[in-house]
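What follows is a single structure, written as structure tokens, with notes after it.
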Amino acid sequence: MSVNSNKYIIQNMERLSFFDLANGTCQFVVDDLQEATMTNEQETVYATGKNGVKIGSADRNKASRITATNGSIVDGVMAMQVGSEVVKGTTVVPKHFFLFTTKDGVSVDVAIKPIGEVGNEIPYIYKRNSDGTVGKPYAIGANATADTFKYDPTAKKITLPTGVFAAGEIVYAFYDIEVTDARKISNDEDKFSATGMLIADCFAKDICTDRSYYAKIVYPKAKASGNFELSFGNDPSVQNMEFEALSGGCGSSATKRLWDFIVFDEDDATLL
């Protein structure tokens with residue numbers, strides 16, 4: 001059914017999608033939007049006459065941006081914000097925390113392989129203090145002594161410093177591990193937030209007929225902001241994002257467009 005209304009109710013922004021400008025691939029979709037705002041601005045400069053009376057005006061510097069808060073953390077968004085990619089595969093996780101309980105005060109078994117230089121795979125272990133804090137460090141050595149421990153990768157065992165631990169006591173350790181099928185994003189100081197096409201999907205309801213239509217806000221060229229924060233506390237962390245509409249600046253009138261707002265009925269789409 002054709003769109004005949006000029007008046008709509010639009011409440012929610014359903015999703016944001018971001019596309020690479022070079023090849024058109026989708027970089028991310030966010031659809032847990034708690035809130036979103038579209039802001040449009042222009043600068044007006046006034047010419048004034050006697051006593052400051054405004055006698056004319058000139059307009060310039062139009063701007064548009066969309067800000068949004070997503071209820072879940074999407075790694076593709078974070079990658080675009082820092083100018084990186086989501087790297088999938090095997091990676092080394094540094095200084096992973098391990099807690100061992102010694103049964104006999106002499107040794108503990110190691111289940112996850114340490115990654116590092118042979119003879120220094122686990123640089124230190126620590127005796128847990130009674131209040132749960134990290135106690136004295138003990139360095140790795142060729143043999144277990146009063147001040148060093150021994151790690152045997154073949155036996156998958158740590159021999160504890162002699163005379164230091166009693167049965168049932170806790171051992172802390174931090175060492176590098178290798179994991180497969182990880183997802184990694186790196187924030188490098190010489191890489192910055194991405195530019196792409198942004199599409200915001202909404203629903204527009206005809207105020208008279210109550211019929212719902214698709215509505216899309218299209219930024220042909222949008223700059224993702226590199227400013228964001230993740231807050232950790234009583235409530236789950238949310239993901240905030242901002243996109244600024246850019247002019248293409250390539251000489252064609254079409255590239256001067258900051259955005260399109262399209263309302264349509266999918267039933268009117270050309271069928272195969």
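Based on DSSP, what percent of beta bridges with both residues in the chain are antiparallel, to the nearest 5? The partial results should precede the final answer.
On the way: 76 of 78 bridges.
Antiparallel: roughly 95 percent of the beta bridges in the chain.
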Calculated from backbone phi, Karplus (6.51, -1.76, 1.60) coupling profile of region 8-25 in Hz, x at Gly/Pro:
9, 9, 10, 10, 10, 9, 6, 7, 10, 10, 10, 10, 5, 6, 7, 10, x, 6
Starting from the coordinates of the alpha-carbon atoms of region 78-214, obtain the Kirkwood hydrodynamic radius over all distinct pairs and give the value in Å to one decimal.
18.8 Å
Pulled fully out, how much extra length does the chain show between T101 and E35, if you take 0.36 nm times their separation in residues and subtract their Cα-Cα distance?
19.1 nm
Taking the chain as a Gaussian network, Cα atoms linked when under 10 Å apart, which of N240, N70, N129 shows the biggest mean-square fluctuation?
N129
Exceeding 26 Å between C-alpha atoms, which entries from my cross-link table qualify? They are K103/K127; K184/K216; K113/K184; K62/K223; K95/K127; K62/K205.
K184/K216; K62/K205
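In nm, what is the difference between 0.36 nm times the number of residues separating N51 and L230 and their Cα-Cα distance? If you can, show how the numbers build up before the last one.
Numbers: separation 179, 0.36 × 179 = 64.44 nm, distance 5.10 nm.
Value of the extension gain: 59.3 nm.
Rg/Rh for region 160-229: what does it come to with C-alpha atoms and Rh from Kirkwood?
Working: Rg = 26.9 Å, Rh = 19.3 Å.
Reported Rg/Rh (Cα atoms, Kirkwood Rh): 1.40.
May I ask you to give the average projected area over all directions of the convex hull of the Cα atoms of the chain, in nm² rounded to one decimal?
Values: hull surface 109.3 nm².
With every direction weighted equally, the projected area is 27.3 nm².
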Using DSSP loop states and a limit of at most 16 other Cβ atoms within 10 Å to flag chymotrypsin sites (Phe, Trp or Tyr not before Pro), what is the longest stretch of the chain containing no flagged site?
1-191
Taking 0.36 nm per residue of sequence separation and subtracting the Cα-Cα distance, how much length would be gained by fully extending the chain between K7 and D176, in nm to one decimal?
54.8 nm
Out of every Cα pair in region 59-148, what percent are spaced more than 23 Å from each other?
53 percent
Run the reach check for K7 against aspartates and glutamates, Cα to Cα strictly under 14 Å, same-chain hits fewer than 8 apart removed. What comes back?
D206, D210
Report, by chain and number, residues whose modeled amide H sits under 5 Å from the one on E85, excluding near sequence neighbours (fewer than 5 apart, same chain).
S186
Checking K157, K127, K50 against a Gaussian network model of the chain (alpha-carbon springs below 10 Å), the top fluctuating residue turns out to be K50
Could you run the Karplus curve 6.51 cos²θ - 1.76 cosθ + 1.60 with θ = phi - 60° over region 110-123 and give me ³J(HN,Hα) per residue in whole Hz, x for Gly and Pro?
10, 9, 9, 5, x, 10, x, 4, 4, x, 9, 5, 10, x
For region 39-111 and region 194-224, what is the centre-to-centre distance using only Cα atoms, to the nearest Å?
22 Å
Debye log10 I(q)/I(0) for region 137-272, one point scatterer per Cα, at q = 0.10, 0.12, 0.18, 0.20 Å⁻¹:
-0.70, -0.81, -1.14, -1.18
How large is ³J(HN,Hα) for each residue in region 79-89, as worked out from phi by the Karplus curve 6.51 cos²θ - 1.76 cosθ + 1.60 (θ = phi - 60°), to whole Hz, x for Gly and Pro?
4, 5, 5, 9, x, 10, 10, 7, 8, 10, x
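Of all the C-alpha pairs in region 14-169, what % are more than 22 Å from each other? Can you show the working numbers first?
Numbers: 7995 of 12090 pairs.
Of all Cα-Cα pairs in region 14-169, 66 percent lie more than 22 Å apart.
We did not get these values from a lab; they are worked out from the coordinates using the rules stated. This structure is a prediction, so every number in the text was calculated from the model and none was measured. In this analysis, Cβ positions are derived from the backbone assuming ideal geometry, glycine residues included, and neighbour counts consider all displayed protein chains.
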